[in-house]
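The values are calculated or read from the model by the stated rules, or taken from the named source; none is laboratory data. Nothing here was measured: the structure is a model prediction, and the numbers come from that model. Positions of Cβ are generated from backbone atoms using ideal geometry, with glycine treated the same way; all protein chains shown enter the neighbour counts.
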Amino acid sequence: MPLAPEFLPRIVKVDDSCGCTLTKASIEGLTPARFEALSGKEPELARVIASSAEAAALGVPQKGLAMLLKSSVRNMKPQMNKITFEEQSIILPYIQRRQKSIINAQYFSINAAVPEAGRSATAGDNTTFGVTFTVTVDTSAFATTALKNLERYFLPGMTLSVLTWDASKNAKTIQYQITGSANVDPTTATVTAFPLGKSDFPVDDDLTTELIPDYGMIQIMANNVSDWEDWCENQPTDNPMGLLVNWFQTSRESRCVNDVYRDTLQRILDGKVNAWDQTFEYQNIADQNKMASAMSEEAWLRSTFYNDYINSKQTVEGYADLPKITDPEDPSCTLEYKANALGIFTILNESGRVLDLGGNNLDLDVIFNELYLLKRNRSSMGESVSTIDCFTDRKTANNIFDAMSRYYQNRYGVATQRNAQVGQKVDFNGIVSFDFDLYDIPDSSVQWAVFREPFFDDFVDAFDNSKGGGDFQSRGRNLWFLDWSDVKVGIGGTESVTRKSPAPEVQELYKCRMKANIHEYNLRSTKWTTMVDRPERHLIIHNFNLSCPATTAVGCP
């Protein structure tokens, strides 16, 4: 008899082909055939999913966030490296992976401008007049702030378009041709250029000031060089590849087993019996393992979100000072170093992608702006992004619905029904995995899917609201804007071994005994890491109260 659908672990696929949104994800059950195919290709991956199959068969409900994470496991064992020293060979507690980024070098900011030294201004001859600009990378949210040696981008013969305004805030757009550039420091350069345009060089002081703007935005544009002219300038080609470091930690589980349990479990994984077979249901050992599986999954889930560094020595250069694991019989022999896998929150916080509201209420204007930035960052590789997801607790989701209802009426004078789809579901075989509300956000040119997730309900309720001067539950409120196509769980290896105690064959106490009360333990371990390749595609907003979200939006007169 095949496995009942309600006991099949479910695999969720969220990728850029579906717009990086869970609302369009594909879900499928882990059938015996699929499990067999996985085990033939990626044994480490299959063993992790086998644990999910066992937990489901035991009756542990598969929760949404854990399902998403376990659906994204990747076998990273081939990328793990060894280092040999002092006659020992140790697997490094981290791996380094390549990361491809987008380099934006189209816009720059003017910090200052002065007449070019040694060049005079003659009315009617623009080429005799020169300006020296001091430039830096622009302040856009999409600027590549890591650009160095900016003078490389300003090649002689290229043209510039400077956008500024005069003292009366009249818009001024002036074009220049570059004559040279020089480095000031790694993030600043000077650029010399003379003005172009239909109008001759002016002699009026006010107009001269406009040609020497103290501030403005610069665009680099194409050159105008004849094939008969000399031009061998080399355009910069920055390498967009960087390195990401992922740390591994080993997490252990222990299961007490007996022959009935082991035989039934194997039949379940082979798809030969119903998961709630009577011989299985009433085994007390199964109940124990059900509780153990649930606790292990909860602990692992929270680690993937919140894990921090094990100590200050957890760096690529300082790993040899991490806690050492030594041979039980030879303490001088180091077997490995312990490190912590970093959680999603820790990775994003380090990258400036966590917004702390300090106990204040949500602001829809801020969220709408962040939604637009997320859309732009997620579509930078050519993806078509129409929906941005976020996970939160049920009360915050309800407040957002209340605020959005008022927002549509005040801003556009329309009812919610035209712009919102409330109570949407993501399910598989009639089993609902996720509930969400979907809102059209014209300000962001995107839809906003607000998912209600029990994980965040339990998280908020765990905070004692009487502490911290009252309203301490604000500390536990979250909006997680995660791109699940970019979140991966890397598996560096799995181990499973069965130990029996006592061992009558070798223990002196049992040499003349015919029977022994033998306990059998199944010990398991998983070496894992959490991977977030592009932090700019994610955002966490946390520490906000339950007041109605604010907005300054009103209908335009």
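Take the residues in segment 456-473 that are crowded, with 20+ Cβ neighbours inside 10 Å and among the hydrophobic types (A, V, I, L, M, F, W, C), then tell me which one is nearest to L374 (Cα to Cα).
From segment 456-473, those crowded, with 20+ Cβ neighbours inside 10 Å are 456, 460, 473; that's our starting set.
Now drop any that are not among the hydrophobic types (A, V, I, L, M, F, W, C), which leaves 456, 460.
Working: F456: 22, V460: 26 Å.
Among residues in segment 456-473 that are crowded, with 20+ Cβ neighbours inside 10 Å and among the hydrophobic types (A, V, I, L, M, F, W, C), the one nearest to L374 (Cα to Cα) is F456.
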(request) Could you tell me whether P236 is in the same structural domain as Q175 (by TED's automatic domain parsing) and either surrounded by 13 or more Cβ atoms within 10 Å (Cβ to Cβ) or modelled with pLDDT of 80 or more (or both)? (result) no
(request) Hey, can you tell me all the residues within segment 330-358 that are under 30 Å from A550 (Cα atoms) and of a type in the set (S, T, Y)? (result) T346, S351
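Wholly within segment 487-557, which strands (runs of 3 or more DSSP E) include no fewer than the required count, namely at least 2 residues that are in contact with a Cys (Cβ under 9 Å, 6 or more places away or on another chain)?
519-532, 539-542
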(request) For F459, indicate whether it is within 30 Å of M76 (Cα to Cα), assigned to a helix (DSSP H, G or I) and of a type in the set (F, W, Y). (result) no
(message) Given the options S466, S474, name the one that is more than 16 Å from T304 (Cα to Cα) and either touching a Leu at 6+ places or on another chain (Cβ under 8 Å) or aliphatic (A, V, I, L, M) (or both).
(response) S474
(request) Kindly provide the set of residues from segment 397-446 that are in contact with a Ser or Thr (Cβ under 6 Å, 6 or more places away or on another chain), modelled with pLDDT under 80 and under 25 Å from F544 (Cβ atoms), ordered by number. (result) T416
(message) Pull out all pairs, ordered by first then second residue, where Cβ-Cβ is under 7 Å, the residues are six or more apart or on different chains, the first lies in segment 220-242 and is of a type in the set (D, E), and the second is modelled with pLDDT of 80 or more.
(response) E233/L155; E233/P156; E233/G157
(message) Looking at (1) under 19 Å from S251 (Cα atoms); (2) more than 15 Å from the chain's Cα centre (by Cα), which one does S332 not meet, given that it meets all the others?
(response) (1)
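Conditions tested, residue by residue: (1) surrounded by 13 or more Cβ atoms within 10 Å (Cβ to Cβ); (2) farther than 27 Å from P93 by Cβ.
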site	(1), (2)
Y510	yes, yes
I518	no, yes
S525	yes, no
T530	yes, no
R534	yes, no
R537	yes, no
N543	yes, yes
L546	yes, yes
P549	yes, yes
(request) Give me a count of the residues in segment 365-380 that are under 17 Å from I540 (Cβ atoms) and either in contact with a helix residue (DSSP H, G or I) (Cβ under 6 Å, 6 or more places away or on another chain) or among the acidic types (D, E) (or both). (result) 3
